[in-house]
1. Looking at the protein assembly as shown, send over the antiparallel percent of its DSSP beta bridges, to the nearest 5.
2. Answer rounded, prolate or oblate for chain B, using the Cα gyration tensor with square roots of eigenvalues a ≥ b ≥ c: rounded when a/c is under 1.5, else prolate when a/b is larger than b/c, else oblate.
3. How long are the semi-axes of the equivalent ellipsoid of the range B:1-70, defined as square roots of 5 times the Cα gyration tensor eigenvalues? Whole Å, largest first.
4. Can you show me the helix-derived [θ] at 222 nm for chain A, built from DSSP H runs with n ≥ 4 at -39,500 (n - 2.57) apiece and divided by the number of residues, rounded to the nearest 500.
5. Dipole magnitude of the range A:6-61 about its Cα centre, charges +1 at Lys/Arg Cβ and -1 at Asp/Glu Cβ only, in debye to the nearest 20?
6. For A:72-81, what's the mean count of beta carbons from other chains sitting within 10 Å of each residue's beta carbon?
7. Stick to Cα atoms and the Kirkwood definition of Rh, then tell me Rg/Rh for the range B:32-99.
8. Could you give P(r) for the range A:135-195, binned at 5 Å from zero, as whole percent values over all Cα-Cα pairs?
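Please treat every number below as a calculation from the coordinates, not as lab data. The structure presented is a predicted model; accordingly, all values stated were derived computationally and were not measured. Here the Cβ positions follow ideal geometry from the backbone for every residue, glycine too, while neighbour counts run over all protein chains shown.
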There are 2 protein chains.
Amino acid sequence: MALLRLYDYAPSGNCLKVRILLAHLGVSYERIGVDIFAGDTLTDDYARKNPARRTPVLEVDGQYLPESSAILWYLGHGTAYLASSPLTQASILRWLLFERENVEQIAALRFRLLAGLLDADDETVPARRTACRYALEQLESHVSEHSFLADGAYTIADIANYAYVHLVPDVDIDLGEYPAVRSWLARIEEQPGFVNDLAPMPANARVGRGLSIYG
Amino acid sequence: MALLRLYDYAPSGNCLKVRILLAHLGVSYERIGVDIFAGDTLTDDYARKNPARRTPVLEVDGQYLPESSAILWYLGHGTAYLASSPLTQASILRWLLFERENVEQIAALRFRLLAGLLDADDETVPARRTACRYALEQLESHVSEHSFLADGAYTIADIANYAYVHLVPDVDIDLGEYPAVRSWLARIEEQPGFVNDLAPMPANARVGRGLSIYG
């Protein structure tokens, strides 16, 4: 395996995705803390690693790979967490895209609320929460009939979607309304080697008012 | 190759992506027209093909695969349009995710304007157009230094991003402001077998006021 260096923000769900897979795989890597609220992603040096100025970024033998799901794909290649058949890979990709488009709404609202960029009674919050519920409804329908997202096996598709779905209480949505999703989250947490080491948002998060990017 | 059936809406950029790759590959397939404005995606039968009720859907030996980029991945597997190395695949995936998150803003605004769901002078249009410009700026920066999006070769990442980027004039953005993007679009159109057979939005598109989904 190549030399791996993970540019990582401990309270970021996107970074958590990568740490979950690395824990499953038992791969050793160097972890570089990136303090997004201290401006670590706003430097020219960081923009060369990721023009979108987000975490995580995986450095592989000197090459920089941004985007959590792209990192999951690279690390999962050739393992049980990413199937090799074209049709199953396409199904996994479908759920990675679903996450980026729909579960991302949970990530975005959660970040804005926790970082104080948006007040809980802001007029835009109900519409944002409706978008979160759309993601949960689509998932509820699917995992009511399937143990995992892609072809019945636990894959990087589940890891990617787990990260922010398990955090919906932070946007004031009760997981009890989505029992199949809650059972699916529990099945993920029971996987061998699963570790959820998400750090709480730190005190300096509130300094971030005006910050338009997130980890 | 398996028996392929494409559920397709001719004016949809998402469907165009798939047709471009199929033209490159010279693969034969059955094309089933889906008239989204006539309610074809709102049936229970269509929801079984794609719970998100969008086009395109590829039927492969009786299995339904939604999401244009997931379809590109399936069809591109083992061809020059999708590399086999894990790191290059991850880089392609990064740009597919970029498309879903950022270029999607162009697709969404274009659809709302052309279908009459949003007036050109609606107060939300400037913010929506700013989101489109963010996508174009990120692309401009990248293709100023790279011929194509992933690792210097033409891949499904370029096809996926081409579809709605070449349509930015429909959201009143001048491609002349993004010269590197314009050159990159031209390089794509010069690829052997490239066909852009996007149909114009039909007269019945205006019937769609209230429709919240798009092809």
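1. 70
2. Verdict is oblate for chain B.
3. Equivalent ellipsoid semi-axes, largest first: 19, 14, 10 Å.
4. Numbers: 8 runs with 92 residues, N = 215.
Here the helix-only value at 222 nm equals -13000 deg cm²/dmol.
5. In total the dipole reaches around 260 debye.
6. On the way: counts 2, 9, 9, 2, 2, 6, 1, 0, 0, 0.
Mean partner-chain Cβ count within 10 Å for A:72-81: 3.
7. The Rg/Rh ratio comes out at 1.07.
8. Bins of 5 Å from zero give 4, 19, 34, 27, 12, 4, 0 percent of pairs.
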